[in-house]
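Below you'll find the structure, written out as structure tokens, and then a few comments.
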Amino acid sequence: MRRVRFPQLVKRGSFVVTIYKTPSRGFDGFTVAYYDPVGIRRRQTTACYAKAREIAVGLAERMATSAPESLLLTGPEMVVYRRALEVLAPVGAPLDFAATQFARAVGGADRSVATATACAGEAVAPTAVPRKMRVAEVVRELLEAKTASGRAPLYLQDLRVRLERFARAFALPLDEVSPNDIERFLATLSLSARSQNNFRSVIGTLIRFAQRRGYVSKEHTGVAGIDKSSSTLGEVAVFTPAEIKRLLAEAKPELVAALSIGAFAGVRSEELKRLQWEDVKLGQGHIEIRAAHSKTRVRRLIPISANLASWLKPFAKDCGPVTPFANLALQFDKLARKAGVGWKKNGLRHSFISYRVAQTGNVASVSLEAGNSPSVITRNYLKCVTSATAQEWFSTMNE
């Protein structure tokens, strides 16, 4: 059977209905999106592609055959038409009358807007008027487009959380949100410099997407003129070999694998939650972080040290998730209180990178294992611990 590609367009006359593939929580999902005859964007969702296709074809045929000629406008055209009516409403002028007066004002039917403007001493081409789309609407379209293009769930979740917060702050058309507004929004976030920069990046993605779709003027500078926050990790906090021994000794069995992989392989918490036992290749001596599960969307292999293997072997399975916990942070916090160890945010990963670079002395190799750049490791992790302590860390065995 021919492979179906998304987004899929169903056209009947001047009407277009789009089918997006929008999987959720591991299950298939499809969204049917279209502009109704009065220019309002509508959506319907279903878990079945055949049903989505049936809905799309039915909608397109029904609108194409039943809509009067006066309404045979595409969604974008109808948005422009409605906006024009709103602008003229206060003065009570019909649209055709206003268009006639405008044409006369710029020199008549035989002269273009650009020519008339040039005669007035400003030889510039007319610019397209952006369609009025509210921030929340553009965010939904961006997420649909990214989902349809097959972007990783981690990336989509990050976009959704950040941009929905941005949309709540600005309940107005996106083209009316100025760079100064964006800068003030970023300044109000009670977040680290790195998180602020991540917000800045995704807002830039949203603006560029909106410009491509004609929702924001090309002259909008977006985040280009907004300085990045000074993002430094500062002094990293690591667990001592004695502390990791207490944590492992007190951990309940279903938590040991995740805890030991975090400590001795440095896998990020979000990656840990998606890690499957089939990715933990004890026989081959490495853990595979698939691109789809990686924060950076780059596949990487992490060697399984002898001490990590000793902690994993009693719990290893052929398949299934490595950890059953959706909220690992909560589990780790409970464990730390039980073990009498002060929990350190990102402490497992910080510990692994610090001890590993001290053990090997090879920044480039550790950067590949950890999924960080060599510059970040050199700046934040180099010379944090001694090689002797690193040897003790990686000698923590399951006796």
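On the basis of being open to solvent by 40 Å² or more (accessible area, probe 1.4 Å), closer than 25 Å to residue 293 by Cα and basic (Lys, Arg), does residue 140 make the cut?
yes
Please specify each residue of the stretch 30-49 satisfying the condition of being at pLDDT 80 or above and farther than 19 Å from residue 143 by Cβ. Passing the criteria: 48, 49.
Can you find even one residue in the stretch 178-199 that is surrounded by 14 or more Cβ atoms within 10 Å (Cβ to Cβ) and touching a residue at least 60 places away in the same chain (Cβ under 8 Å)? There is no residue in the stretch 178-199 that is surrounded by 14 or more Cβ atoms within 10 Å (Cβ to Cβ) and touching a residue at least 60 places away in the same chain (Cβ under 8 Å). Only helices (runs of 4 or more DSSP H) whose full extent lies in the stretch 124-203 are considered here, and the ones with at least 1 residues that are of a type outside the set (S, T, N, Q) and closer than 27 Å to residue 5 by Cα are 135-148, 153-169. Cβ-Cβ contacts under 7 Å between residues 6 or more apart (or on different chains), taken from a first residue in the stretch 314-330 that is more than 19 Å from residue 26 (Cβ to Cβ) to a second residue that is aliphatic (A, V, I, L, M) and part of a strand (DSSP E or B), are listed as 316/280. Given the structure, is residue 293 open to solvent by less than 80 Å² (accessible area, probe 1.4 Å) and free of Cβ contacts under 8 Å to residues at least 24 places away in the same chain? Judged against the criteria, residue 293 is not a match. So is residue 314 closer than 20 Å to residue 154 by Cα and not aliphatic (A, V, I, L, M) or not? No, not satisfied. When the stretch 306-335 is examined, which residues are found to be in contact with a helix residue (DSSP H, G or I) (Cβ under 8 Å, 6 or more places away or on another chain), over 21 Å from residue 395 (Cα atoms) and either in a helix (DSSP H, G or I) or among the hydroxyl-bearing types (Ser, Thr, Tyr) (or both)? Hits for the stretch 306-335 are 323, 328, 329, 331, 332, 335.
The set of residues from the stretch 370-399 being in a loop (DSSP other than H, G, I, E, B) and in contact (Cβ under 8 Å) with a residue 60 or more places away in the chain comprises 371, 381, 384, 385, 394, 395, 396, 397, 398. Condition test on residue 213, is it among the basic types (Lys, Arg) and free of Cβ contacts under 8 Å to residues at least 40 places away in the same chain? The answer is no for residue 213.
List the number of the failed condition for residue 316; all other conditions in (1) of a type outside the set (Asp, Glu); (2) buried (at least 18 other Cβ atoms within 10 Å of the Cβ); (3) within 24 Å of residue 291 (Cβ to Cβ) hold. The failed condition is (2). If you check 379, 356 for being basic (Lys, Arg) and closer than 24 Å to residue 299 by Cβ, only one passes: 356. Take the conditions in contact with a strand residue (DSSP E or B) (Cβ under 9 Å, 6 or more places away or on another chain) and either within 24 Å of residue 335 (Cβ to Cβ) or in contact (Cβ under 8 Å) with a residue 24 or more places away in the chain (or both) and apply them to residue 347. Does it pass? When the stated conditions are applied, residue 347 does not pass them.
The values are calculated or read from the model by the stated rules, or taken from the named source; none is laboratory data. Since the structure is predicted, the reported quantities are computational estimates derived from the model, not experimental observations. Note that each Cβ is placed from the backbone with ideal geometry, even for glycine, and that neighbours are counted across all protein chains shown. Side chains are part of the model used for accessible areas, which takes the heavy atoms of the whole protein and leaves out ligands, DNA and RNA. Shrake-Rupley method; radii C 1.70, N 1.55, O 1.52, S 1.80 Å.
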